[in-house]
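Structure, as structure tokens:
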Amino acid sequence: MRALQCDEFGTVDRVRLVERPAPADPGPHEVIIEVAYASVSHAVGLMVEGRYQTKPPRPFTPGTEAVGHVVAAGASVTRFKPGDAVAAIADWGCFAERIKLPEYTVYAIPEGLPLLDALPIPISYGTAYTGLLWRCALQPGETVLVLGAGAGVGLAAVELAVQMGAQVIACASTQAKRDEAVRRGAIGAVAPGAELAAQVKMLTEGRGADVIVDPVGGELFGHAVRAAAHNARLLSIGFASGAMPVVPPNIMLVKNLTLHGFFYGRYIGWTPADERIVHAPAMQHAMQTMLGWARDRRIRPTVAQVFPLAELSNALDALHSRQVIGKLALSIKKETTR
């Protein structure tokens, strides 16, 4: 089979396309998936460079999220059979024509939902869903401010918060991204910067946001805190800006704010303790819910562009341009078409 291989940590142009044997027979709780598409994220680039919190043993194949079809299932697997369409989360290894995975982070794609439309669900939408519901206990009628609302997790948070009955204000860097967030259900969209709090207060009649979703970090977080309502919850997901957020403790204290640090990897096996089996029932329910919403077009997961397997470098360049709305993908099988 074809696969991308990273022999040593470094720049992405050192990742090479190789031919290697396909995975052997699955273990009792494993499935082998023929991969159709795999997503491209900032984490992929960091992992290749050796700057991600997880450092795979070299050589390794990057890629943490994929869709495709089951070709073999272990003797104890009851949820899948060969031919089933699935979405999957992996520690790494998705940029290959076949991958063997434990069944616990593999999810059935409902009939009627195209593979490519399911691709953003496991990680981007999964992060937003679990952060909003499990950590922030989002309630219908609350107001959610989403930073970075044009990217994968941010745009997912916009759609999911709307589905949960919240009013959403989107913050994004370009007019195109802000317009898209409004099309996905946001009641308003604002630009990042020093005027952020004033814009949010204007849209909320002076009250502010009950929940703030922050995958960006850096200076923007400081502006967003000033847009928080009293007793608001702040969800820190990541640092796409490249800078850690600065938390103004005086505002946190006076407004009685709660800051939730959030690592989605805890639920999908990306910690040394590997808790994926513990969280599997709750994750299966979450994925079934979101994949059903996608099938029914209540949410519209978006893959903006698909690149050939050999063009990972070009895909990451496009992602780093900050102009992408939604997600990017690699087409893994030679015959796969959009």
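The values are calculated or read from the model by the stated rules, or taken from the named source; none is laboratory data. Predicted, not measured: the structure shown is a model, and the values here were computed from it. Don't worry about glycine lacking a Cβ; one is built from the backbone with ideal geometry, like all the others, and counts go over all protein chains shown.
Brief remarks follow.
- Among residues of region 167-182, those that are outside any helix (DSSP H, G or I) and surrounded by 24 or more Cβ atoms within 10 Å (Cβ to Cβ), counted: 5
- Within region 112-139, the residues that satisfy the criterion of being touching a His at 6+ places or on another chain (Cβ under 9 Å) and either within 14 Å of residue 87 (Cα to Cα) or crowded, with 23+ Cβ neighbours inside 10 Å (or both) are 115, 131, 136.
- The residue that is farthest from residue 120 (Cα to Cα), counting only those in region 12-46 that are free of Cβ contacts under 8 Å to residues at least 60 places away in the same chain and under 23 Å from the mean Cα position of the chain (by Cα), is 46.
- Applying the criterion of at least 3 residues that are surrounded by 15 or more Cβ atoms within 10 Å (Cβ to Cβ) to the strands (runs of 3 or more DSSP E) found wholly in region 1-103 leaves 2-5, 30-40, 65-73, 85-89, 98-102.
- Number of positions in region 140-182 that are over 13 Å from residue 214 (Cα atoms), in contact (Cβ under 8 Å) with a residue 60 or more places away in the chain and in contact with an Asp or Glu (Cβ under 8 Å, 6 or more places away or on another chain): 2
- Of all residues in region 236-256, those satisfying the criterion of being surrounded by 15 or more Cβ atoms within 10 Å (Cβ to Cβ) and in contact with a His (Cβ under 8 Å, 6 or more places away or on another chain) are 236, 240, 255.
- Residues (without any contact (Cβ under 8 Å) to a residue 60 or more places away in the chain and either surrounded by 15 or more Cβ atoms within 10 Å (Cβ to Cβ) or outside any helix (DSSP H, G or I) (or both)) located in region 306-320: 308, 311, 314, 318
- Tabulated pairs, region 242-263, first more than 30 Å from residue 274 (Cα to Cα), second exposed (fewer than 12 other Cβ atoms within 10 Å of the Cβ), C-beta under 8 angstrom, 6+ apart or interchain: 255/230; 255/231; 256/230; 256/231; 257/231
- Residue in region 140-157 that is surrounded by fewer than 24 Cβ atoms within 10 Å (Cβ to Cβ), under 24 Å from residue 42 (Cβ atoms) and among the hydrophobic types (A, V, I, L, M, F, W, C) present: no
- Only a single item in (1) surrounded by fewer than 20 Cβ atoms within 10 Å (Cβ to Cβ); (2) within 19 Å of the chain's Cα centre (by Cα); (3) modelled with pLDDT of 90 or more; (4) of a type outside the set (Phe, Trp, Tyr) is not met by residue 329, and it is number (1).
- Whichever residue in region 268-305 is under 23 Å from residue 150 (Cα atoms) and assigned to a loop (DSSP other than H, G, I, E, B) and, among such residues, is farthest from the chain's Cα centre (by Cα): 296
- Test: residue in region 67-75 that is more than 22 Å from residue 316 (Cα to Cα), free of Cβ contacts under 8 Å to residues at least 12 places away in the same chain and not hydrophobic (A, V, I, L, M, F, W, C): no
- Some residue of region 228-236 being part of a loop (DSSP other than H, G, I, E, B) and either within 15 Å of residue 157 (Cβ to Cβ) or out of contact with any helix residue (DSSP H, G or I) (no Cβ under 7 Å at 6 or more places or on another chain) (or both): no
- Any hit, region 183-192, residues being surrounded by fewer than 21 Cβ atoms within 10 Å (Cβ to Cβ), of a type in the set (Gly, Ala, Ser), within 20 Å of residue 299 (Cα to Cα) and touching an Asp or Glu at 6+ places or on another chain (Cβ under 7 Å): yes
- Of the residues making up region 133-159, those that are touching a helix residue (DSSP H, G or I) at 6+ places or on another chain (Cβ under 6 Å), within 20 Å of residue 204 (Cβ to Cβ) and part of a helix (DSSP H, G or I) are 157, 158.
- Between 216, 225, the distinction of being more than 20 Å from the chain's Cα centre (by Cα), in the same structural domain as residue 251 (by TED's automatic domain parsing) and either within 22 Å of residue 240 (Cα to Cα) or surrounded by 23 or more Cβ atoms within 10 Å (Cβ to Cβ) (or both) belongs to 225 only.
- Every residue from region 190-213 that is outside any loop (DSSP other than H, G, I, E, B) and more than 21 Å from residue 165 (Cβ to Cβ): 190, 196, 197, 198, 199, 201, 202
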